[in-house]
1. For Ile38, what residues show an amide H to amide H distance below 5 Å, using hydrogens built from the backbone and excluding near sequence neighbours?
2. Relative contact order of the range 101-213, please, whole-number percent, based on alpha carbon pairs below 8 angstrom and at least 6 residues apart.
3. Between the range 48-107 and the range 124-153, how many Å separate their Cα centres?
4. Which entries of Lys68/Lys243; Lys135/Lys166; Lys68/Lys135; Lys166/Lys267 have Cα-Cα distances beyond 31 Å here?
5. Can you tell me which of 217-228, 82-93, 38-49 comes out highest on packing, and rank the rest after it, using the mean Cβ neighbours within 10 Å?
6. Report the label-to-label distance for Leu180 and Glu19 in nanometres (one decimal), using points 7 Å from each Cα along the Cα→Cβ vector.
7. Which ³J(HN,Hα) values, rounded to whole Hz and listed in residue order, are derived for the range 14-28 from phi using the Karplus coefficients 6.51, -1.76 and 1.60 in 6.51 cos²θ - 1.76 cosθ + 1.60 with θ = phi - 60°, glycine and proline given as x?
Amino acid sequence: MLVQRALRTVLGQTFQQLEAIIVVDGPDAATIEALSGITDDRVHVLPLERNVGGSEARNIGVRYARAKWIAFLDDDDEWLPTKLQRQWEVGESVPGSSTIVASRLMERTEATDRILPIRLPLPGERMSDYLFVRKGWNSGEGFLQTSTWFVARELLLQVPFTTGLKRCQDLDWLLHATALTRTRLIVCPEVLAVFHHEDHGVRVSREADWRFLYDWAEGNRRYFSREAFSFLIATLCVPSAAKQRAGMRTFLFLLRQSMPCGAATAKCLLLFMICWWVPESSRRNLRAWMGRARSIFRAKIPMATGSTATGEAT
């Protein structure tokens, strides 16, 4: 099972002073059976009687843990061997108790591999701008996936994941946590994890529900710059609406919201039109082609080499 592969990458870390807390979200006999043969006393399995969703499952794991630092790993992803050691060294070098250490990852799809995020946060860059405002044309430009996080437990206790969210759990937490003035974000430039992003998988993050995305963004408007709000509509709400075959009324509604309420630029409006009119499969194929082209021409990016360089944002 995938959870066994994920757990092997946890127990195979060069940093061995750890505990692995596996929260089984609701009745899942197959997963419990797959984990029953593990004898490592660092592994703790927490089966929940009912499904509580990804946010609360993570909160339960954080409350159960006793270590200073918390790292998350989705059961279909993997850590590279030096991930925890590298991030522990970085985290311990930063004063305070509100630190987030993330890293680059290898996004692995059926078509190609690519290294994300394409760029690191700029010093002082607002989180909404980093995540949503594109300086280039590629998706994944600003991307901090949960399986790369290494976070001070004190911060996670102060800012828990929002319970009940069916999507945007990671985005929601990043916006809330980085809104605190004392929070420090450091992104290691090395690739320290593998993100399995199957094109036809069942990840909740790919479910089409433009209304949910819009309502979530509207409810968190105070965390967005005007430009970031416009880009969110163009690159998240619009593709979902197109996938749902929403009509012209939805098109005009989203267009209006992205312009007067946001700060739509020419690039944002062009992305809006592309995401509405160009099918998802065509956009995916184009990304795969561009990824293969980059792999030929790009300069090498270190993969878990122990480099001391970091990209930082407040």
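1. Amide H neighbours of Ile38: none.
2. Normalised by residue count, the contact order of the range 101-213 is 43 percent.
3. Here the two parts' Cα centres lie 16 Å apart.
4. Lys68/Lys243; Lys68/Lys135
5. 82-93, 217-228, 38-49
6. 2.1 nm
7. So the Karplus estimates, Gly and Pro as x, are 5, 8, 9, 7, 9, 10, 9, 9, 9, 8, 8, 7, x, x, 7 Hz.
No value in this document is a laboratory result; all are computed from the given coordinates. Note that the structure is predicted; figures quoted are calculated from it, not measured. All Cβ positions, glycine included, derive from the backbone under ideal geometry; neighbour counts span all protein chains shown.
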